[in-house]
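The values are calculated or read from the model by the stated rules, or taken from the named source; none is laboratory data. This is a predicted model, so every value here is computed, not measured. Here the Cβ positions follow ideal geometry from the backbone for every residue, glycine too, while neighbour counts run over all protein chains shown.
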Amino acid sequence: MNDHDYLHHLPTLVTACGLILLVTIESWLPAAGNRPRRLRHAARNLTLGLLNALAVALLAAPLIANVAGWTEGSRFGLLNLLSLPPAMATVTAILLFDGWLYLLHRANHKFGFLWRFHRVHHSDPEMDATTALRFHTGEVLISSALRLAMVPLLGIALWQLLIYESLMLPVIMFHHSNVKFPEKADRWLRALIASPAIHRVHHSRVRFETDSNYSIIFSFWDRIGGTFQLRKDGRPVDFGLAQYDSEKWQRVRGLLTTPFQIANS
Ligand SMILES: [Zn+2]
Ligand SMILES: [Zn+2]
């Protein structure tokens, strides 16, 4: 375990570097321009991101580290049963965990109780890299609690989980970003990875489009699950949720109370 101590800081480091890089590129090459309230928007999303980081550090991370340490020590779970060579075991761990998060994301849209929390992520009318951190703390804690069961079931070691997060965070910041990314490059990328063109459809106001493209890192989960969808005409996507557009819901207080109230304006 001590060999992998540096990995504990890797997800935070890649998040900070990725965010600075993407926010800079969004200023140069924005997909959608004319955003006079960009700073206020970023401050609100980052406040949620910081609250979540704090909640995870205090409540979830120590428990997950314990469970993952026990899983590795007792050689429990699917990956340990398979006894693969180390490199292949890590690739399999990344694939399995990404598949699990695809299913959890589908559940977040399907079940009303989970959607109450997840709609905070979808109510963002101006999607950019900071939207990747805009989740309700309730959703993050529910996901962390389920992780306590998934880590031993799949047999994932803590360092494999940290590698997964260090890959996932840059991918999700990139596919939320307001960067003008050429269609041709996106086509190449989305053959394997959930690209901006794919994830923008997921943030559409049209529910039929929102309920598609759940993939986190690898785009093939949506193809396998029959939930892959692209806009064939290439029209820009209108982001957000109609009932949650008003200032009341976009403030930090509104974002935090969104799961517990039904909006009528
Ligand atoms: Zn979603
Ligand atoms: Zn998203």
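If you take just the helices (runs of 4 or more DSSP H) that sit entirely in segment 12-88, which of them hold at least 3 residues that are farther than 23 Å from Thr137 by Cα?
Values: elements: 38-55, 61-74, 78-82.
In segment 12-88, the matching helices (runs of 4 or more DSSP H) lie at 61-74, 78-82.
Could you identify the single residue in Thr227, Thr258 that is in a loop (DSSP other than H, G, I, E, B) and modelled with pLDDT of 95 or more? Reasoning before the result, please.
Values: Thr258 fails: in a loop (DSSP other than H, G, I, E, B).
The match here is Thr227.
Only one of these is farther than 28 Å from Ala43 by Cα and at pLDDT 95 or above: Ala129, Ala145, Ala191. Name it. Don't jump to the end; show me each part of the working.
Numbers: Ala129 fails: farther than 28 Å from Ala43 by Cα; Ala145 fails: farther than 28 Å from Ala43 by Cα.
Of Ala129, Ala145, Ala191, the one residue that is farther than 28 Å from Ala43 by Cα and at pLDDT 95 or above is Ala191.
Looking at Arg200, Arg147, which is the one that is over 18 Å from Val56 (Cβ atoms) and either more than 15 Å from ligand 1 (Cβ to nearest atom) or touching a helix residue (DSSP H, G or I) at 6+ places or on another chain (Cβ under 9 Å) (or both)?
Numbers: Arg147 fails: over 18 Å from Val56 (Cβ atoms).
Of the residues listed, the single one that is over 18 Å from Val56 (Cβ atoms) and either more than 15 Å from ligand 1 (Cβ to nearest atom) or touching a helix residue (DSSP H, G or I) at 6+ places or on another chain (Cβ under 9 Å) (or both) is Arg200.
Checking the condition polar (S, T, N, Q), surrounded by fewer than 18 Cβ atoms within 10 Å (Cβ to Cβ) and out of contact with any Lys or Arg (no Cβ under 6 Å at 6 or more places or on another chain), which residue from Ser195, Ser246 passes? Don't jump to the end; show me each part of the working.
Numbers: Ser195 fails: surrounded by fewer than 18 Cβ atoms within 10 Å (Cβ to Cβ).
Exactly one residue qualifies, and that residue is Ser246.
Conditions first: (1) within 13 Å of ligand 1 (Cβ to nearest atom); (2) part of a helix (DSSP H, G or I); (3) of a type in the set (D, E, K, R); (4) out of contact with any Pro (no Cβ under 8 Å at 6 or more places or on another chain). Asp124 passes all but one, so which condition is the exception?
Only one criterion in (1) within 13 Å of ligand 1 (Cβ to nearest atom); (2) part of a helix (DSSP H, G or I); (3) of a type in the set (D, E, K, R); (4) out of contact with any Pro (no Cβ under 8 Å at 6 or more places or on another chain) is unmet by Asp124, namely (2).
Go through (1) over 22 Å from His136 (Cα atoms); (2) surrounded by 16 or more Cβ atoms within 10 Å (Cβ to Cβ); (3) not small (Gly, Ala, Ser) and name the single condition Phe208 misses.
Every listed condition holds for Phe208 apart from (2).
Output the qualifying pairs, or none if there are none: Cβ atoms under 9 angstrom, residues six or more apart or on different chains, first residue in segment 5-27 and closer than 15 Å to Arg38 by Cβ, second residue among the acidic types (Asp, Glu) and outside any helix (DSSP H, G or I).
Sorted first by the residue in segment 5-27, then by its partner, the pairs are Leu22/Asp128; Val23/Asp128; Glu26/Asp128.
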